[in-house]
Amino acid sequence: MQTSLGQRRLVRASALYDIAMTTPFATPWSATFVLGLLGTLHRQLGLPGAGLPAFESMHLFFVGLLGTVVTAWSIVRLVRPEAWLGRIDGMTRIGFSLWMAWALLDGQSPLLAGFFGIELAFG
């Protein structure tokens, strides 16, 4: 199956977005820093919702696991920006969007809404 130039660009763009957004979550140290920034932003904007909880080592393990897997998946799509990989990525983003919608409806930080919109767009 041939992959058009437009499809390749879209697959690469989504991969670059993922690298920028998830690589900082790939280690417990960088994730702690980024989560702290997000918590501060939530408070400074005076947003409603629960804000970000304190993350312990088990939480950070799962955050790091997700960050590592998504970063690796992004590299695969950068190296081989094929349409079928883009379709798999799109299905995955629909799943992520569902979990973000669930979290937003459960009263979590409205900061998720920005990520939600981008996930839906790439999905």
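If the condition is being among the acidic types (Asp, Glu) and open to solvent by 50 Å² or more (accessible area, probe 1.4 Å), then segment 106-123 contributes only Asp106.
Report every pair of residues separated by at least 6 positions or lying on different chains whose Cβ atoms are under 7 Å apart, first residue within segment 57-76 and under 15 Å from Ile19 (Cα atoms), second charged (D, E, K, R). These pairs meet every condition: Val70/Asp18; Ser74/Asp18.
Taking each residue of segment 31-47 that is β-branched (Val, Ile, Thr) and looking for partners that are open to solvent by 70 Å² or more (accessible area, probe 1.4 Å) with beta-carbon atoms closer than 8 Å, six or more apart or interchain, yields Thr32/Phe55. Scan segment 42-78 for residues that are open to solvent by 40 Å² or more (accessible area, probe 1.4 Å), in contact with a Phe, Trp or Tyr (Cβ under 9 Å, 6 or more places away or on another chain) and more than 20 Å from Ser109 (Cβ to Cβ) and the total you get is 1. Picking from residues in segment 11-41 that are loosely packed, with under 14 Cβ neighbours inside 10 Å and aromatic (Phe, Trp, Tyr), the one that is farthest from Trp73 (Cα to Cα) is Phe33. If you filter segment 79-105 down to residues that are touching a residue at least 12 places away in the same chain (Cβ under 8 Å) and within 19 Å of Leu47 (Cβ to Cβ), you find that the one that is most open to solvent (accessible area, probe 1.4 Å) is Leu104.
The values are calculated or read from the model by the stated rules, or taken from the named source; none is laboratory data. For clarity, every value in this text was computed on a predicted model and none was experimentally measured. Quick reminder, even Gly has a Cβ in these numbers, built from the backbone with ideal geometry, and neighbours come from all protein chains shown. Accessible surface is based on the protein model in full, side chains and every heavy atom, while ligands, DNA and RNA are left aside. Shrake-Rupley method; radii C 1.70, N 1.55, O 1.52, S 1.80 Å.
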